[in-house]
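A short write-up of the structure that comes next.
The values are calculated or read from the model by the stated rules, or taken from the named source; none is laboratory data. Model, not experiment: these values are computed from the prediction. With ideal geometry, Cβ positions are generated from the backbone for all residues, glycine too; neighbour counts draw on all protein chains shown. Protein only, heavy atoms only, side chains kept; ligands, DNA and RNA dropped before computing areas. Shrake-Rupley method; radii C 1.70, N 1.55, O 1.52, S 1.80 Å.
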Amino acid sequence: MSRPELLFLTLKGLLAWLVLSCLVLFFGEGLITVVFPILKAVIISMTPDLSPSLHVVNSVQSQMDASIELSVLALRPIYLNADHFIPPTTELKSSAHLLHSFVPLVIEGSILLVWPVQHWRQRLVLIGLGLLAAILVIMATLPAHLLGKLEISFQDIAELGINPRQVPWFVDWMVFCELGGRWLLGIAAAWFCIQIHRAFLRI
């Protein structure tokens with residue numbers, strides 16, 4: 001690839017990133033609300049002792065400060081350590097920044113929008129695959145992030161007593177995502193979409 005072609009591709013990528021970022025800024029609340037039922041199902045499968053509800057909380061100061069809030073109700077006593085339990089019907093909350101949650105999707109979409117194709121129909125197929133992959137990425141990151149923040153606060157109390165509970169697996173996954181894993185997931189999702197698209201073209 002020549003230098004002008006590389007520069008042109010970079011500029012296209014930056015433009016795609018800017019357009020997708022603006023779409024997320026103005027339509028992110030509606031987009032995330034559509035997948036709330038799926039996210040609730042994932043949360044229930046991860047923590048069956050909690051009854052979740054999700055909603056978007058808008059900031060008075062700025063639209064860019066909107067957050068996704070998880071409210072959970074304990075359905076039965078939750079063990080922390082030998083001396084502490086969370087009693088049933090206790091309501092607990094955690095939140096995640098709305099725009100931050102869309103970062104891997106913007107990365108994935110930017111790659112797919114600039115990936116070279118031979119026909120506009122191929123671009124549509126690639127975008128369709130990207131939308132499916134984006135839902136999977138959200139399912140893999142957002143529930144773990146919201147639950148992980150709750151579990152960290154639980155664990156702080158649990159470690160103060162005898163026989164503390166084990167740290168749930170999704171806390172480590174949340175930490176991985178927060179340390180750059182969600183960026184990698186966005187890139188990996190785009191790569192898988194491109195590979196599936198290439199496989200269809202060979203058929």
Notebook entry, point to check: Does at least one position in segment 117-126 carry a residue that is of a type in the set (Phe, Trp, Tyr), more than 16 Å from Thr33 (Cα to Cα) and open to solvent by less than 40 Å² (accessible area, probe 1.4 Å)?
Noted result: no
Next item on the list: Kindly establish whether Leu142 is assigned to a helix (DSSP H, G or I), out of contact with any helix residue (DSSP H, G or I) (no Cβ under 8 Å at 6 or more places or on another chain) and modelled with pLDDT of 85 or more.
Entry: no
Item checked: Every residue from segment 130-144 that is under 8 Å from the mean Cα position of the chain (by Cα) and open to solvent by 20 Å² or more (accessible area, probe 1.4 Å) -> Met139, Ala140
Next item on the list: Would you be able to tell me the number of residues in segment 160-175 that are without any contact (Cβ under 8 Å) to a residue 12 or more places away in the chain and either among the acidic types (Asp, Glu) or crowded, with 16+ Cβ neighbours inside 10 Å (or both)?
Entry: 1
Item checked: Scope segment 177-203; condition modelled with pLDDT of 90 or more, open to solvent by 90 Å² or more (accessible area, probe 1.4 Å) and not aliphatic (A, V, I, L, M); matching residues -> Trp183, Trp191, Phe192
Checklist line | Any pair with Cβ under 8 angstrom, 6 or more apart, that starts in segment 180-198 at a residue that is within 19 Å of Gly128 (Cβ to Cβ) and ends at one that is open to solvent by 40 Å² or more (accessible area, probe 1.4 Å) and aromatic (Phe, Trp, Tyr) | finding: Ala190/Trp115; Ile194/Trp115
Margin query: Filter segment 1-26 down to the residues that are closer than 15 Å to Leu131 by Cα and either in contact with a strand residue (DSSP E or B) (Cβ under 9 Å, 6 or more places away or on another chain) or free of Cβ contacts under 8 Å to residues at least 60 places away in the same chain (or both) and list them by number.
Written below: Leu23
Checklist line | segment 145-159 - residue that is open to solvent by 50 Å² or more (accessible area, probe 1.4 Å) and in a helix (DSSP H, G or I) and, of those, farthest from Ala96 (Cα to Cα) | finding: Ile157
